[in-house]
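The values are calculated or read from the model by the stated rules, or taken from the named source; none is laboratory data. Everything numeric in this text was worked out from a predicted model, so none of it was measured. Don't worry about glycine lacking a Cβ; one is built from the backbone with ideal geometry, like all the others, and counts go over all protein chains shown.
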Amino acid sequence: MDFALFSTLGLHFILKWLHLFFGILWIGHLYYFNMTQGSFMAQTDAPSKSQVQQKLLPIALWWFRWGAMWTFVTGLLMLHTASYTGFSIMGDWGVKILTGALFATLMWFNVWFVIWPAQKVVIKNAEDVAKGSAANPLAPAAAARALLVSRTNTLLSVPMLFFMAAAPHLPIEVDMSKAWMWWVFILFGVGAIQFNAIKGKLGPMTTVKGVVTCSFILTAIVYFAMELIV
């Protein structure tokens, strides 16, 4: 008896299933930080904030960053096994899935190399202050940086999910002779967003409503740009 799961298609399915599982873990925590914990921290008192930073934040960030890591790893493996399903990186599917992957890769980078280092400063400061040490003057700037980059990841999350789902399901026809134009456009756009994340300001992303609205607007812009450019 042949078991579907123990085949090349089954391997791709397992990777996709794990990719979805870890993606839910990652993006669920991203939305928790931005939509739930952030609102709580803005309204609570200093002792409660300290407890969240010392006890809750390290646990949540562990699941957050490892969810991101394994989403990234399983995504790479899925791309490697995509040929088993009949999809090709060199066709319409490839342009759409790699667009989503571009957003996701930047988000993964931000988690591990910007948000996590900044939050370690915040956590250590809360622990030191609770022990009676002087506050780290760099902690407020680290917290602000983590917030801006976390908001940026929220901004990127909706177009990322859109193009991940669009790759096998939305029949956008791509003229591969014009694909280079698409990559110039999207890399410039993503680069500008990342530059703002590192050097810029929150702007309309200050509120949860603002960042969610911007995320859907960005999705629409990228979708229509793909239809028009390629």
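Here are a few things to note about the model shown:
- Flag for SER48 being in a loop (DSSP other than H, G, I, E, B), free of Cβ contacts under 8 Å to residues at least 24 places away in the same chain and among the small types (Gly, Ala, Ser): no
- Residue check, LEU161 under 28 Å from LEU9 (Cα atoms) and either at pLDDT below 95 or touching a helix residue (DSSP H, G or I) at 6+ places or on another chain (Cβ under 9 Å) (or both): yes
- Condition check for THR99: in contact with a His (Cβ under 8 Å, 6 or more places away or on another chain) and at pLDDT 95 or above: no
- Filtered by the rule that a residue be within 18 Å of MET41 (Cβ to Cβ), part of a helix (DSSP H, G or I) and of a type in the set (A, V, I, L, M, F, W, C), region 196-230 gives MET205, VAL208, VAL211.
- Number of the condition not met by LEU77 [criteria: (1) touching a Pro at 6+ places or on another chain (Cβ under 7 Å); (2) over 27 Å from GLN53 (Cα atoms)]: (1)
- One residue from PHE13, PHE33 being in a helix (DSSP H, G or I), surrounded by 14 or more Cβ atoms within 10 Å (Cβ to Cβ) and free of Cβ contacts under 8 Å to residues at least 12 places away in the same chain: PHE13
- Positions within region 50-75 being closer than 12 Å to LYS120 by Cα and surrounded by 15 or more Cβ atoms within 10 Å (Cβ to Cβ), in sequence order: GLN53, GLN54, LEU57, LEU61
- When we screen SER83, SER39 for residues that are modelled with pLDDT under 95 and closer than 24 Å to LEU156 by Cβ, the only hit is SER39.
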